[in-house]
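What follows is a single structure, written as C-alpha cells, with notes after it.
The values are calculated or read from the model by the stated rules, or taken from the named source; none is laboratory data. Keep in mind that what you see is a predicted model, and the values were worked out from it rather than measured. Neighbour counts run over all protein chains shown; Cβ positions are idealised from the backbone, glycine included.
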Amino acid sequence: MKPIQTAGVIGLGSLGVLYATLFTRALGKEQVPVLADGARIARYRKQGFWYNDAPCDFNYTDAAARTEPVDLLLFAVKFGGLQNAIETCRHLVGPDTLLISVLNGISSEEILGDAFGPEHVVWCVAERMAAKKEGNRVVCDPIGELAVGVPAGEDTSRLQRLTAFFDSIGFPYVVPADIRTHMWSKLLCNTGCNQAALVFQCDYGPLQVPGKPRDTMIGAMREVAAVANAEGVPLSEKDVAAWVDIIDHLPSNGETSMRQDGKNHRKSEVELFAGIIRRLAAKHGISVPVNDWLYQQIQEMERNY
C-alpha cells in the first residue's frame, strides 16, 4: 500500500480548521492543501484563520489550479455544501485516494461512495471534541478523536492504510467493532444534544443539569435508539447513558455546532437529525414526539432569521 503523504482538507469550519492544523503540523504546509474554489480561497487568504490563539499558516489552494490527486481528502463542509465540495474536488480523487467525512449524520459516506466509489471511503465519526468557531477564530479543547472503520464484510485494506498514516503522525483515532452502529450512536448524541442546544439557545451547561433542556435532549436520544432498533442497529439505554456522561464532562460554556449556527442565523443541519429520524420513524410506524417538536421549533426559528 502506498503511504499517505498528502492530505487535502475542504471546508474551514471549526473541524476543518482543527484537522488542517493537525495535518499541517505533522506533514508540513506544502503537503496539506486547503482546497476551495478561487473566490473562497481569496477570502481565506484575506481574512486568515486562528487556532487556539495562534495564526494558521495554511496552504490555501484553488482546487481548479491543482492537477495532482491527493492521497487523503477530508470533507469538513456543512451538509448543504457537500455536493459543491464533491464537484470542486472531483479531479483530485485518484485511484489511490482515500476519502473521509467529518460531517454529522449517517448520509455523507453513502453520498461520497456514490460519487467516487465506496472503495475510496473510510467511514468516520468525529467525536469527543469541544470546538467553537467565532468569525475566523477556532478554539478547541479537547481535540477529541476520529472513529474510523469500514462496513462489516468489506475489504479492510483502505482502513489499514489510513490507520497506518494516523499512527505515523500521532493522530488520535479509534476503530470501533462496528462502525455502522457507532455512527448511529453518534447520531443519537447529535440528535439530542445539538438540537436541544439550538432550541433552548444554550451552551452545554443547561444540558448537564436537571431541567427541560436536559429532558428534551435525553428524550430525543431515546427516540433515536428506538428507530435504530427498527433499522437493525442495536442501540439501547446504555448508549444514551454513555453519551449523556460524555456531555456532562464537556466544558459547560462550550457550544454545539447547531447552537453556533443559530447564533449566526445560519441554516442548521436539522434534516440530518430530526429530519431523518422522523422519516425513518414514519417508515416503521414509530412515534417520535420529541423529535417532531424539535423539528417544528427549529423550522420556526429558521423562518424568522
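A few points about this structure:
- Scanning the stretch 260-281 for residues that are out of contact with any strand residue (DSSP E or B) (no Cβ under 8 Å at 6 or more places or on another chain) and over 24 Å from residue 182 (Cβ atoms) yields a count of 7.
- Residue match in the stretch 73-83 (condition: closer than 20 Å to residue 143 by Cβ and of a type in the set (D, E, K, R)): no
Per-residue answers, yes or no, for (1) in a helix (DSSP H, G or I); (2) within 21 Å of the chain's Cα centre (by Cα); (3) farther than 23 Å from residue 135 by Cβ:
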residue	(1), (2), (3)
5	no, no, yes
23	yes, yes, no
35	no, yes, no
39	yes, no, no
43	yes, no, no
61	no, no, no
90	yes, yes, yes
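- Sub-8 Å Cβ pairs linking a first residue in the stretch 144-159 that is more than 14 Å from residue 177 (Cβ to Cβ) to a second residue that is among the basic types (Lys, Arg), at least 6 apart or interchain, are 144/128; 145/128, ordered by first then second residue.
- Residue within the stretch 79-92 that is assigned by TED's automatic domain parsing to the domain that holds residue 145, buried (at least 20 other Cβ atoms within 10 Å of the Cβ) and either in contact with a His (Cβ under 7 Å, 6 or more places away or on another chain) or among the polar types (S, T, N, Q) (or both) present: no
- The residue that is surrounded by the fewest Cβ atoms within 10 Å (Cβ to Cβ), among those in the stretch 109-134 that are basic (Lys, Arg) and on the phi < 0 side of the Ramachandran plot, is 132.
- Members of the stretch 47-66 found to be aliphatic (A, V, I, L, M) and buried (at least 18 other Cβ atoms within 10 Å of the Cβ), listed by number: 63
- Positions within the stretch 75-101 being touching a residue at least 60 places away in the same chain (Cβ under 8 Å) and either acidic (Asp, Glu) or within 11 Å of residue 112 (Cβ to Cβ) (or both), in sequence order: 75, 85, 89, 96, 98, 100
- Flag for residue 44 being in contact with a Ser or Thr (Cβ under 9 Å, 6 or more places away or on another chain), crowded, with 17+ Cβ neighbours inside 10 Å, closer than 23 Å to residue 138 by Cα and touching a residue at least 12 places away in the same chain (Cβ under 8 Å): no
- Among (1) more than 19 Å from residue 108 (Cβ to Cβ); (2) surrounded by fewer than 19 Cβ atoms within 10 Å (Cβ to Cβ); (3) among the basic types (Lys, Arg) - the single one residue 279 does not satisfy: (1)
- Considering residues of the stretch 253-266 that are part of a loop (DSSP other than H, G, I, E, B) and over 16 Å from the mean Cα position of the chain (by Cα) only, the residue surrounded by the most Cβ atoms within 10 Å (Cβ to Cβ): 254
- Helices (runs of 4 or more DSSP H) fully within the stretch 152-252 counting 3 or more residues that are small (Gly, Ala, Ser) and within 22 Å of the chain's Cα centre (by Cα): 179-199, 212-230
- Summed over the stretch 135-185, the residues that are within 22 Å of residue 252 (Cα to Cα) and surrounded by fewer than 21 Cβ atoms within 10 Å (Cβ to Cβ) give a count of 9.
- Residue in the stretch 96-103 that is farther than 22 Å from residue 146 by Cβ, out of contact with any helix residue (DSSP H, G or I) (no Cβ under 7 Å at 6 or more places or on another chain) and either part of a strand (DSSP E or B) or among the basic types (Lys, Arg) (or both) present: no
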